[in-house]
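Here the structure is laid out as structure tokens; the discussion comes afterwards.
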Amino acid sequence: MSEQKNYLVGIFNDEDVLLDAVHGIREKGVKIEEVYSPFPVHGLDEALGYRRSRLPIAAFLFGMTGTILALSTQIWMLGFDWPMIIGGKNHASIPPFIPVTFEFTVLLSAFGMVGTFFIVSDLKPYKWPKLHDIRCTDDKHVMAINLGSNKLSKNDISDILKKAGAEEVNEKSY
Amino acid sequence: MQVTSTLRETLVTGGKSVADVSHDISRQVEGKPTRSWWAAFGISLVLLVFGAYSCWMLLWHGVGVWGLNKTVGWAWDITNFVWWVGIGHAGTLISAILLLFRQRWRMSINRAAEAMTIFAVICAASFPGFHMGRLWLGFYWALPLPNTFGSLWVNFNSPLLWDVFAISTYFSVSLVFWYMGLIPDFAVIRDRAVKMGHMTRARIYNALSFGWDGAAKTWMRYESVALILAGLSTPLVLSVHTIVSFDFATSVIPGWHTTIFPPYFVAGAIFSGFAMVLTLLLVTRKVFKLEDYITIYHVELMNIIIIITGSIVGVAYITEFFIAWYGQVDAEYYAFYNRATGPYWWAYWSMMTCNVISPQLFWFKKIRTNLMATFILAAIVNIGMWFERFVIIVTSIHRDYLPSSWTMFHPTIYDIGQYIFTFGLFFTFFFLFAKFFPVINMAEVKSIIKSTSEKK
């Protein structure tokens, strides 16, 4: 371990108290490293000042790749590589190619987006996550404040956390 | 920010707290399987083994072991295929379409319904697979892979090939959607295992949860992914049964060549799917004591969907008849006349009774909030929907253009065995799921506990 990191960990019970607390604590100039919750809390991302996720853009790009790939493959295979007359239609007749194109678009879009999600969120089966408090997957919201990146003293931050409604404030060092 | 009303219907009864949710749902996974679980699992395995014998006989001797003949070349295999695919549709409707409509009652039923979708699609896919005779060559024949015949490519003009793409996309996207929902819940089980000191279990569930930690940033991305997946799955689920209906609708067989098929098949799929969801959930809530999460209110809402889709199906049946008369095409007219009054009249009227008449009982609040009545009517709907596919498929082809080819279809023991195989497969998967995976989406239910839990 290169250098020791000291954390103050605030435990919150209620999601609405947590939301108000995040607003209040950030207004006082305290930097929150991350909040861990057992379920998605609506508005928490905005309160923490996170930018909107760009995953939908990834989904769109993967989807477009699927559309182009599926359509061009079908046109090339049936229209140019081995042209066949089927039901008296043109070799490369577009309407019957639409179902497969649609399905392939959805397939690439879904898999591409989920794959991107795993990569950007650093989720992998062999990773053991560092949990500040194990109750964060059960029923508590856990706010982690890295003391190293804050100017205020430990006691000041601890007071702010308690005033904001934290049930417990624990100190953790890694 | 999303603003929701504070006045909400009660979706979780019994005054549950967030911690209660973790405990009530994870308990099934952590405990030893009960005796009733072993009994049910054992029966499923027996069905599976008998069915596997039928499959083996089919692979060894060829498709001739089935009761198909040269007039009726499609019968139980495709009936069962369409029936299982249809059942799968309710899972995606619940998880994707109800998510887009922000229907929060979906949250305690979506996990099991999606599991049902995945297992039902596996069962469905087994029929065209086995019908090919050489299952192991299926991928080679059905996918556009380079081959030594030219390459002679697959026919992209064929609805059967569209089906290959539709079903496989549907299966894989549903699987991903379902698994995404499971990730935070696996982390709950992991952390409970750590607290209890079961480190092996903790390691397994950690790998399954991909090292989930519940960070706000991950949740934000996660919600974004869930929303887009729902947006992708909604047209996907509608396309799947539309394409299944194209298998018939794009042909020129009287009785199949019907433009009403796509919406009619989709409504029928959702109809039968909800009946199967109810069948499974009524048992699951009882066995796992989840009455506080899957309430009578949930059952009632599902019954309302059954009555709506059942009535759409009823209108479609009548429309088909009207068009057969109004179109004044002899062959078309005969196909429908024969359907209702010919040698398969009993199948037709079973379908009508089970799908159109009996679900109308759900107009009575007493019946749609009664669990026993729901269970029986759901079973009747599933029987009716099986007959619907059988009627459409077999009655349309058993009277061929030449009266000398007129015949009937008689299933052999291997037709029945193949159907039983899929029941064995479905329930084996479902019981394994119910034992080892959390059957209710804990993270989603926790998020609505504050606003929709019954106060003590």
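The values are calculated or read from the model by the stated rules, or taken from the named source; none is laboratory data. Predicted model only: the values in this text are computed from it and were never measured. For neighbour counting, all protein chains shown are included, and Cβ atoms are generated from backbone atoms with ideal geometry for every residue, glycine included.
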* To do: Could you tell me which numbered condition B:A207 fails, if it satisfies all but one of (1) closer than 30 Å to B:K446 by Cβ; (2) in a loop (DSSP other than H, G, I, E, B)?
  => (2)
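Given the residues B:F322, B:F271, B:F336, B:F288, which is the only one that is of a type in the set (F, W, Y), under 29 Å from B:I440 (Cα atoms) and either free of Cβ contacts under 8 Å to residues at least 12 places away in the same chain or touching a Gly at 6+ places or on another chain (Cβ under 9 Å) (or both)? Before you say what the answer is, go through the steps one by one.
On the way: B:F322 fails: under 29 Å from B:I440 (Cα atoms); B:F336 fails: under 29 Å from B:I440 (Cα atoms); B:F288 fails: either free of Cβ contacts under 8 Å to residues at least 12 places away in the same chain or touching a Gly at 6+ places or on another chain (Cβ under 9 Å) (or both).
Exactly one of B:F322, B:F271, B:F336, B:F288 is of a type in the set (F, W, Y), under 29 Å from B:I440 (Cα atoms) and either free of Cβ contacts under 8 Å to residues at least 12 places away in the same chain or touching a Gly at 6+ places or on another chain (Cβ under 9 Å) (or both), namely B:F271.
Return yes or no: is B:L145 in a loop (DSSP other than H, G, I, E, B), more than 9 Å from chain A (Cβ to nearest Cβ) and over 25 Å from the mean Cα position of the chain (by Cα)?
Details: in a loop (DSSP other than H, G, I, E, B): yes; more than 9 Å from chain A (Cβ to nearest Cβ): yes; over 25 Å from the mean Cα position of the chain (by Cα): yes.
So B:L145 fits the description; yes.
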* To do: Please find, within segment A:89-103, the residue that is nearest to A:G63 (Cα to Cα) out of those that are more than 7 Å from chain B (Cβ to nearest Cβ) and part of a helix (DSSP H, G or I).
  => A:T101
* Asked: Which of the residues spanning segment B:371-387 are out of contact with any Pro (no Cβ under 9 Å at 6 or more places or on another chain) and buried (at least 19 other Cβ atoms within 10 Å of the Cβ)?
  -> B:T374, B:A378, B:N382, B:M385, B:W386, B:F387
* Which one of these is within 14 Å of chain A (Cβ to nearest Cβ), in contact (Cβ under 8 Å) with a residue 12 or more places away in the chain and farther than 17 Å from B:N80 by Cβ: B:A443, B:A378? -> B:A443
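With the structure loaded, tell me whether B:T250 is within 18 Å of B:W74 (Cα to Cα), touching a residue at least 40 places away in the same chain (Cβ under 8 Å) and within 14 Å of another protein chain (Cβ to nearest Cβ) or whether it fails that test. Don't jump to the end; show me each part of the working.
On the way: within 18 Å of B:W74 (Cα to Cα): yes; touching a residue at least 40 places away in the same chain (Cβ under 8 Å): yes; within 14 Å of another protein chain (Cβ to nearest Cβ): yes.
Spelling it out, B:T250 is indeed within 18 Å of B:W74 (Cα to Cα), touching a residue at least 40 places away in the same chain (Cβ under 8 Å) and within 14 Å of another protein chain (Cβ to nearest Cβ).
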* Look at segment A:138-162 and say how many of its residues are out of contact with any strand residue (DSSP E or B) (no Cβ under 7 Å at 6 or more places or on another chain) and either touching a residue at least 60 places away in the same chain (Cβ under 8 Å) or among the small types (G, A, S) (or both). => 8
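Restricting the search to segment B:104-136, which residues are among the hydrophobic types (A, V, I, L, M, F, W, C) and not in a helix (DSSP H, G or I)? Show your work before the answer.
Residues of segment B:104-136 among the hydrophobic types (A, V, I, L, M, F, W, C): B:105, B:107, B:109, B:112-113, B:115-116, B:118-125, B:127, B:130, B:132, B:135-136.
Within segment B:104-136, B:I109, B:M132 qualify.
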* Structure fact -> Checking B:F149, B:F119 in turn, the sole residue that is among the aromatic types (F, W, Y), closer than 21 Å to B:G268 by Cα and out of contact with any Ser or Thr (no Cβ under 6 Å at 6 or more places or on another chain) turns out to be B:F119
* To do: From (1) touching a residue at least 40 places away in the same chain (Cβ under 8 Å); (2) more than 7 Å from every other protein chain (Cβ to nearest Cβ), pick out the condition that doesn't hold for B:S239.
  => (2)
* Output the number of residues of segment B:148-183 satisfying the condition of being more than 7 Å from chain A (Cβ to nearest Cβ) and over 30 Å from A:P95 (Cβ atoms). => 6
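Name the single residue, out of those in segment B:215-226 being at the interface with another protein chain (Cβ under 8 Å from one of its Cβ atoms) and among the aliphatic types (A, V, I, L, M), that is surrounded by the most Cβ atoms within 10 Å (Cβ to Cβ). Talk me through it step by step, then tell me what you get.
Pass one, segment B:215-226, residues at the interface with another protein chain (Cβ under 8 Å from one of its Cβ atoms): B:215-225.
Checking which are among the aliphatic types (A, V, I, L, M) leaves us with B:215-216, B:220, B:225.
On the way: B:A215: 21, B:A216: 23, B:M220: 22, B:V225: 25.
Among those that are at the interface with another protein chain (Cβ under 8 Å from one of its Cβ atoms) and among the aliphatic types (A, V, I, L, M), it is B:V225.
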* Asked: Looking at segment B:191-204, which of its residues are assigned to a loop (DSSP other than H, G, I, E, B) and either touching a helix residue (DSSP H, G or I) at 6+ places or on another chain (Cβ under 9 Å) or closer than 19 Å to B:N441 by Cβ (or both)?
  -> B:H198
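Suppose the filter is of a type outside the set (S, T, N, Q), crowded, with 23+ Cβ neighbours inside 10 Å and over 30 Å from B:V445 (Cα atoms); does B:V313 pass it? Working first, answer last.
On the way: of a type outside the set (S, T, N, Q): yes; crowded, with 23+ Cβ neighbours inside 10 Å: yes; over 30 Å from B:V445 (Cα atoms): yes.
Judged against the criteria, B:V313 is a match.
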* Which of the residues belonging to segment B:316-328 are surrounded by 14 or more Cβ atoms within 10 Å (Cβ to Cβ) and not small (G, A, S)? -> B:Y317, B:T319, B:E320, B:F321, B:I323
* Take the residues in segment A:122-172 that are of a type in the set (K, R), within 14 Å of chain B (Cβ to nearest Cβ) and assigned to a loop (DSSP other than H, G, I, E, B), then tell me which one is nearest to the chain's Cα centre (by Cα). => A:K124
* Asked: Which numbered condition trips up B:N80, out of (1) within 22 Å of the chain's Cα centre (by Cα); (2) closer than 30 Å to B:E223 by Cα; (3) not hydrophobic (A, V, I, L, M, F, W, C)?
  -> (2)
* Number of positions in segment A:31-72 that are at the interface with chain B (Cβ under 8 Å from one of its Cβ atoms) and aromatic (F, W, Y) -> 3
* Quick check, is A:T105 among the hydroxyl-bearing types (S, T, Y) and in the same structural domain as A:I25 (by TED's automatic domain parsing)? -> no
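Among the listed residues B:A207, B:A202, B:A230, B:A187, which satisfies the condition of being aliphatic (A, V, I, L, M) and touching a Gly at 6+ places or on another chain (Cβ under 8 Å)? Give the steps one after another, and end with the answer.
Numbers: B:A207 fails: touching a Gly at 6+ places or on another chain (Cβ under 8 Å); B:A202 fails: touching a Gly at 6+ places or on another chain (Cβ under 8 Å); B:A230 fails: touching a Gly at 6+ places or on another chain (Cβ under 8 Å).
Just one listed residue meets the conditions, B:A187.
Residues are listed down the side, and each one gets a yes or a no for (1) buried (at least 17 other Cβ atoms within 10 Å of the Cβ); (2) among the aliphatic types (A, V, I, L, M):
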position: B:S17; (1), (2): no, no
position: B:Q28; (1), (2): yes, no
position: B:K32; (1), (2): no, no
position: B:W38; (1), (2): no, no
position: B:V49; (1), (2): no, yes
position: B:L59; (1), (2): no, yes
position: B:L68; (1), (2): yes, yes
* To do: Tell me which of these A:V114 doesn't satisfy, since it passes every other one: (1) facing chain B (nearest Cβ under 9 Å); (2) in a loop (DSSP other than H, G, I, E, B).
  => (2)
* Structure fact -> Across (1) β-branched (V, I, T); (2) at pLDDT below 90; (3) more than 27 Å from B:P262 (Cα to Cα), A:I57 clears everything bar (2)
